[in-house]
1. Taking a ≥ b ≥ c as the square roots of the Cα gyration tensor eigenvalues, with a/c under 1.5 meaning rounded and otherwise prolate when a/b beats b/c, else oblate, which class fits the stretch 87-158?
2. Calculate the dipole size of the stretch 36-172 relative to its Cα centre from +1 charges on Lys and Arg beta carbons and -1 charges on Asp and Glu beta carbons; express the result in debye to the nearest 20.
3. Leaving ligands and nucleic acids out of the surface, order LYS137, LYS109 by accessible area at 1.4 Å, largest first.
4. In Å², and per residue, what accessible area does the chain have when probed at 1.4 Å with the other protein chains present?
5. Which value does Rg/Rh take for the stretch 124-188 over its C-alpha atoms, Rh per Kirkwood?
6. Distance between Cα centroids, the stretch 140-188 to the stretch 36-71: provide it in whole Å.
7. Could you work out which residue, out of GLN112, GLN52, GLN131, moves most in a Gaussian network model of the chain, that is, has the largest mean-square fluctuation with Cα springs under 10 Å?
8. What do you reckon, how do TYR177, TYR55 stack up by accessible area (1.4 Å probe), largest on top?
Amino acid sequence: SDLDLGIVQLNRAQNLRDPAARTAELEAAEKTFLAIRGLAGDTDEYRLFLGQVYYWLGKSKDAQQLFDELLAANQRAYPTLMELARTLREVGDEAQARALTEEAYRTAKDDQQRFAAAGLRAHLLKDLDDQIVWLEKCDLKENYVQIELSNARGEKALRDGNRDEAALEFRKAIAGYEQLPKSSVILN
């Protein structure tokens, strides 16, 4: 479909190193999306992807209008807040992504939603202290959360000159990694 073509053009543009080639591909994606506006213009997917194109083209005002429409159409529902926060993180608007993720955390209906929002928010960190606060709101029974939290606490202790505390936290992180199933990602 034409929507799929626009998405492919957007993804291809994001991976191009040459600024002129990236702009040309983004403009092609914009034309594709605008050509199908009558068919898909009211869909969430359309607004999300055309908004990304606009962000990458430096048309943040147009992107914001689409994103506001998307949020309004879905009554600022948790899934929409999270999807838009991820999109904004991708395009580099971390401040707005943080705000939406925090809203998603506040409006979450259960622990799993809160844990997911806190996890995303922890990766939108302002600094180590901020990251630690949000990691502590995640599901602390999850091994990867414990590893990330130990790493962050270790980095903070190291930054603050507390080498013994840093070593203790980094050892906890290593122990956590050793409990994970072996995979190329873990071994790397």
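The values are calculated or read from the model by the stated rules, or taken from the named source; none is laboratory data. Please read these numbers as outputs of a predicted model, since none were measured by experiment. Backbone-built Cβ (ideal geometry, glycine too); neighbour counts: all protein chains shown. Surface accessibility is based on the protein's heavy atoms, side chains included, excluding ligands, DNA and RNA. Shrake-Rupley method; radii C 1.70, N 1.55, O 1.52, S 1.80 Å.
1. Details: a/c = 2.23, a/b = 1.21, b/c = 1.84.
Since a/c reaches 1.5 but b/c is at least a/b, the shape of the stretch 87-158 is classed as oblate.
2. Details: 21 positive and 26 negative charges, 10 e Å.
The dipole magnitude comes to about 40 debye.
3. Values: LYS137 70, LYS109 170 Å².
Correct descending sequence by accessible area is LYS109, LYS137.
4. Values: 10760 Å² over 188 residues.
Using a 1.4 Å probe on heavy atoms only, each residue of the chain averages 57 Å².
5. Working: Rg = 12.1 Å, Rh = 12.2 Å.
Value, to two decimals: 0.99.
6. First find each Cα centre; the distance between them is then 39 Å.
7. Fluctuation is largest for GLN112.
8. Details: TYR177 95, TYR55 40 Å².
Ranked from most to least accessible, the order is TYR177, TYR55.
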